[in-house]
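First the structure, in the form of structure tokens, and then the observations on it.
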Amino acid sequence: MTTTLITGANKGLGFETARRLVAAGHTVYVGARDAERGRRAAEQLGARFVQLDVTDDTSVEAAAKAIEADGGLDVLINNAGIETRGEGNSVPTAATVTADQMRNTFETNVFGVVRVTHAFLPLLQRSAAPVVVNISSGLGSLTHLSDPDHPAHFYPGVAYPTSKTAVNMLTVQYAKAFPDIRINAVEPGFTKTDLNGNTGTQTVEEGAEIIVRMAQIGADGPTGGYFDINGSLPW
Ligand code: NAP
């Protein structure tokens, strides 16, 4: 039996990933910062609920203790993420971005990944086939954003892409340090969720596909990579 934790799984891509992995036979923990939203989602999915705010040490440590006491963890999906908005709901650009907006974004998207990974590493190391999936973004690709011929080049935001580039580097460094754990970053693609005011062009079913796939790779699968549904992406 495979036990899987998904952070921020009460809605969006995390919720859809949970649905698919429950169907695939995983025991799934829906991590959610809000107990009511999390419990409701877990109930709907036939999953377990664990209170988990990725910005809060106490919450993350308690979640790790609870899951350890229940028998441990095989798959960690670092999915919780935010896109900080500025005035008029616009994304902070090079002309407007503040240190506070950067800190706010990094607290969830980067430090959250480190906080949760740090807390769950001892559990993963006791698993026979441990896997970590970090939900990055195509906007984290330095190669694509610096290429005038790539559509992502025209995305003006600073805080969110920078945070996802940091997630990519975390993926590289963790994967090298823990060769027995399959650790990859994934880009779901532009998906209709609350994160982008439901402007995404893909459904959550399409977006979750690469997450579900990388959550199920075996011990002979890739590690330290960056993937979308079509294969490897340039960093
Ligand atoms: P979403 O529908 O807004 O879901 C985000 C989830 O993260 C929610 O469950 C939210 O919980 C949770 N969350 C936020 N802050 C949290 C915290 N401090 N602790 C715990 N949970 C927290 O967005 P989504 O599109 O599914 O995003 C999922 C991931 O995919 C993110 O990492 C995002 O950057 C990435 N991504 C999305 C797209 C896209 O086009 N949608 C593209 C590339 C990458 P609440 O309900 O409590 O707010």
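Below, the figures for the structure above:
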| quantity | calculated |
| --- | --- |
| Heavy-atom surface of the chain, accessible at 1.4 Å and reported per residue (Å²) | 47 Å² |
| Length gained when the stretch residue 199-residue 118 is fully extended (0.36 nm per residue, less Cα-Cα span) | 25.8 nm |
| Gain in span if fully extended, residue 169 to residue 55, counting 0.36 nm per residue against the direct Cα distance | 39.1 nm |
| Cα shape, the stretch 1-139, gyration tensor, a/c 1.5 rule | prolate |
| Heavy-atom accessible area ranking, 1.4 Å probe, most first, across 56, 149 | 149, 56 |
| Label-zone membership for the stretch 102-141, site residue 87, 7 angstrom Cα→C-beta point, backbone N under 12 Å | none |
| Stretch gain in nm, segment residue 34-residue 95, where the contour uses 0.36 nm per residue and the Cα spacing is subtracted | 18.5 nm |
| Nearest-ten-degree value, helix 57-69 long axis tilted from longest Cα axis of the chain | 30 degrees |
| Accessible area (Å², 1.4 Å probe, nearest 10) - residue 111 | 90 Å² |
| Degrees between helix 35-45 axis and first principal axis of the chain (Cα, 0 to 90, nearest 10) | 70 degrees |
| Portion, in percent, of the accessible area of the chain that falls on carbon or sulfur, probe 1.4 Å | 52 percent |
| Value of D in µm² per second that Stokes-Einstein yields for the stretch 3-232, Kirkwood Rh from Cα pairs, at 4 °C (1.567 mPa s) | 74 µm²/s |
| Residue 180 paired with residue 229, simple spin-label distance in nm, labels 7 Å along Cα-to-beta-carbon | 3.6 nm |
| Helix-only mean residue ellipticity at 222 nm for the chain, each DSSP H run of n ≥ 4 adding -39500 (n - 2.57), per residue, nearest 500 | -13000 deg cm²/dmol |
| Beta bridge orientation in the stretch 3-232: antiparallel %, DSSP, nearest 5 | 10 percent |
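The values are calculated or read from the model by the stated rules, or taken from the named source; none is laboratory data. Everything numeric in this text was worked out from a predicted model, so none of it was measured. Ideal geometry is used to build each Cβ from the backbone, glycine not excepted, and the neighbour counts take in all protein chains shown. Side chains are part of the model used for accessible areas, which takes the heavy atoms of the whole protein and leaves out ligands, DNA and RNA. Shrake-Rupley method; radii C 1.70, N 1.55, O 1.52, S 1.80 Å.
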